Every structure is written in structure tokens, then in C-alpha cells.
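The values are calculated or read from the model by the stated rules, or taken from the named source; none is laboratory data. Predicted model, so just to flag it, every value in this text is computed and none were measured. Cβ placement follows ideal geometry from the backbone for every residue including glycine, while neighbour counts extend to all protein chains displayed. For the accessible areas, the whole protein counts, side chains as well, though only heavy atoms, and no ligand, DNA or RNA atoms are used. Shrake-Rupley method; radii C 1.70, N 1.55, O 1.52, S 1.80 Å.
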Amino acid sequence: MIVVVAAACIPGGKIPVIEQILSAGAAAQNIMLAALALGFNSMWKTGGPAYDEHVKTALGLKAEDAIVGFMYLGTDAGKPDMMQRPSWRDLVRHWGNHNAIAERTVWR
């Protein structure tokens with residue numbers, strides 16, 4: 001199933017347009033979390049159709065409205081490969097005088 005998430009933007013309204021769009025993005029994220037909680041998988045895509053005026057019109061949106069994503073929801077064909085989680089220590093790098101940084105750092 002494909003769910004189109006869009007913000008019906010009201011320019012000059014009480015809520016700034018950027019917040020209207022961000023709210024729709026938060027809704028899209030919650031759709032993904034809900035799908036996962038129900039045992040489904042999801043993928044969030046945008047691409048050219050999200051910005052196409054003909055697509056917006058076909059969906060009943062206005063030119064000033066924003067499609068924030070196409071949510072592809074469904075049953076996963078297989079289980080994802082499990083990867084070993086790396087230690088955060090393997091992901092942290094220091095540049096410059098790392099000895100001075102280490103002397104100021106207190107690890108607890």
C-alpha cells in the first residue's frame with residue numbers, strides 16, 4: 001500500500017509554513033513506527049513525483065501544498081540481515097592535539 005503524506009499549507013497563517021511541513025514529516029515518521037509495531041515494514045520515498053504539479057493536482061492538493069513523502073507499507077519478503085553493532089569507540093575520532101583533549105576528558 002502507498003500512503004501519500006502531504007501538508008496542506010496555509011501561507012500567512014498562524015503557524016509558519018515550515019512548521020506545517022515539519023508536522024507532516026513527523027506524521028510520516030509515526031506512520032512508519034506504527035507499521036513496524038504492527039509487524040509490517042515501510043519505506044519513505046519522495047523523488048520527482050513529490051514535486052510535480054500534475055501529481056499534486058491528481059491528489060487534490062494545491063500548488064502551495066507539500067508532499068513530504070510516499071510511504072510504501074507492506075509485508076517484508078524476508079528477514080533483514082542482522083549486523084553486529086559497532087562500539088561507539090570505533091566511531092569516534094579526534095583531530096589535532098588529541099593528547100590535550102584526552103588530558104581534559106574525564107571518563108566515568
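Structure notes:
- For beta carbons closer than 9 Å, sequence separation of 6+ or different chains, a first residue in region 1-18 that is farther than 19 Å from Met43 by Cα and a second that is β-branched (Val, Ile, Thr) and open to solvent by 60 Å² or more (accessible area, probe 1.4 Å), the qualifying pairs are Val17/Ile10.
- Enumeration of residues in region 5-18 that are surrounded by 12 or more Cβ atoms within 10 Å (Cβ to Cβ) and either in contact with a Phe, Trp or Tyr (Cβ under 6 Å, 6 or more places away or on another chain) or assigned to a helix (DSSP H, G or I) (or both): Val17
- Enumeration of residues in region 30-46 that are touching a strand residue (DSSP E or B) at 6+ places or on another chain (Cβ under 8 Å) and either under 12 Å from Gly69 (Cα atoms) or of a type in the set (Gly, Ala, Ser) (or both): Ile31, Met32, Ala35, Ser42, Met43, Trp44, Lys45, Thr46
- Scanning region 19-52 for residues that are over 12 Å from Val3 (Cα atoms) and part of a loop (DSSP other than H, G, I, E, B) turns up Leu38, Gly39, Phe40, Gly47, Asp52.
- Residue that is modelled with the lowest pLDDT, among those in region 53-76 that are part of a loop (DSSP other than H, G, I, E, B) and open to solvent by 60 Å² or more (accessible area, probe 1.4 Å): Asp76
- Within region 36-71, the set of residues being farther than 30 Å from Pro11 by Cβ and of a type outside the set (S, T, N, Q) comprises Leu36, Ala37, Leu38, Gly39, Phe40, Met43.
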